[in-house]
Amino acid sequence: MALLNTHFFSDALGMSTSMTVILPQRTTRQIGMTGVDAGDGGPPVLYLLHGLSDDDTVWLRRTSIERYVADLGLAVVMPRVERSFSLDEAHGLPYGEFLTDELPEVVSSFFRVSDRREDTFVAGLSMGGFGALRWALTQPDRFAAAASLSGALDLSTRGTADFAPDVLDRVFGGEIVPGGDADVVALLERSARAAQEGGSELPDLYVACGTDDDLLAGSKAFADRAAALEVPVTTQFGPGGHTWDVWDAGIQDVLAWLPLRPR
């Protein structure tokens, strides 16, 4: 595998930012690892989002994600989105535009990765789980699959006291409006309705959360609404809290679930 700490300028943000990237590499003399060829057209790519208190390096530091993807021929792009919930902040920077519009173009210009929908996936934990599902539901034509691990999927129904004052004001403008851009259940309903009317097919969805996690109710509510809408969603609700041992195991389950094409 090749590991890149990439610092670049974002026109959307108007400043420099960073992403950590893992690229597949086939090797013959590396002890304990071999890797696989990227294949024609570039490797499939997983956009992997961090949580509220972290940055683009955290998946690499808290899990063995580089080792987990070595035999999959999968590129992993881990962008830095600060504490933005991957949204255009009400009183801050347009991280939604950066993530959904600018970043894929930057990745394609820097690296030889596939741009085909069937080869493109997104996942994240906590804040990043929300961001992953929101991105996939707003751009279903981009992704074949999207996964949330312990995702903050009930933002529109949580009390304002559940949020740090700076985040509530800067990101959401002081309130989170049900049915708005931060309501992933409403986005699910709109995307499902659009698909039924001939729009883009929804990506495969995966929702996991520990049964001792305060965010469990939101994940279950999202999954229940998907079932009511006849939107297929894979769920994994098992023991554990809002901790890295859960997410380290969870990302391995997600990688096994991804609809990777034989290479």
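Points worth noting:
- Qualifying residues in region 163-182 (those that are modelled with pLDDT under 90 and of a type in the set (D, E, K, R)) - the one surrounded by the fewest Cβ atoms within 10 Å (Cβ to Cβ): Asp166
- Scanning region 184-232 for residues that are under 18 Å from Ile251 (Cβ atoms) and not aromatic (Phe, Trp, Tyr) yields Pro203, Asp204, Leu205, Val207, Ala208, Cys209, Gly210, Asp213, Leu215, Ser219.
Each row is one residue, and each column tells you yes or no for (1) within 20 Å of Phe143 (Cβ to Cβ); (2) hydroxyl-bearing (Ser, Thr, Tyr); (3) in contact with a helix residue (DSSP H, G or I) (Cβ under 9 Å, 6 or more places away or on another chain).
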position	(1), (2), (3)
Ala208	yes, no, yes
Thr211	no, yes, no
Leu215	no, no, yes
Ala221	no, no, yes
Leu229	yes, no, yes
Phe237	no, no, yes
Asp248	no, no, yes
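- Single match in Ala12, Ala2, Ala38 (criterion: at pLDDT 95 or above, small (Gly, Ala, Ser) and closer than 25 Å to Arg117 by Cα): Ala12
- Gly218 crowded, with 21+ Cβ neighbours inside 10 Å and in contact with a Gly (Cβ under 6 Å, 6 or more places away or on another chain): no
- Per-region count, region 138-162, residues surrounded by fewer than 17 Cβ atoms within 10 Å (Cβ to Cβ) and farther than 21 Å from Asp101 by Cα: 6
- The set of residues from region 1-29 being part of a loop (DSSP other than H, G, I, E, B) and in contact with a Phe, Trp or Tyr (Cβ under 8 Å, 6 or more places away or on another chain) comprises Ala12, Leu13.
- Among the residues making up region 232-248, those that are buried (at least 17 other Cβ atoms within 10 Å of the Cβ) and not polar (S, T, N, Q) are Val233, Gly240, His242, Val246, Trp247.
- Test: residue in region 186-199 that is surrounded by 15 or more Cβ atoms within 10 Å (Cβ to Cβ), charged (D, E, K, R) and under 21 Å from Phe98 (Cβ atoms): no
- Selected residue (only one of Met33, Met15 is hydrophobic (A, V, I, L, M, F, W, C) and touching a helix residue (DSSP H, G or I) at 6+ places or on another chain (Cβ under 9 Å)): Met33
- Residue that is over 18 Å from Val171 (Cβ atoms) and of a type in the set (S, T, N, Q), where the choices are Ser86, Ser53, Ser109: Ser109
The values are calculated or read from the model by the stated rules, or taken from the named source; none is laboratory data. For clarity, every value in this text was computed on a predicted model and none was experimentally measured. Backbone-built Cβ (ideal geometry, glycine too); neighbour counts: all protein chains shown.
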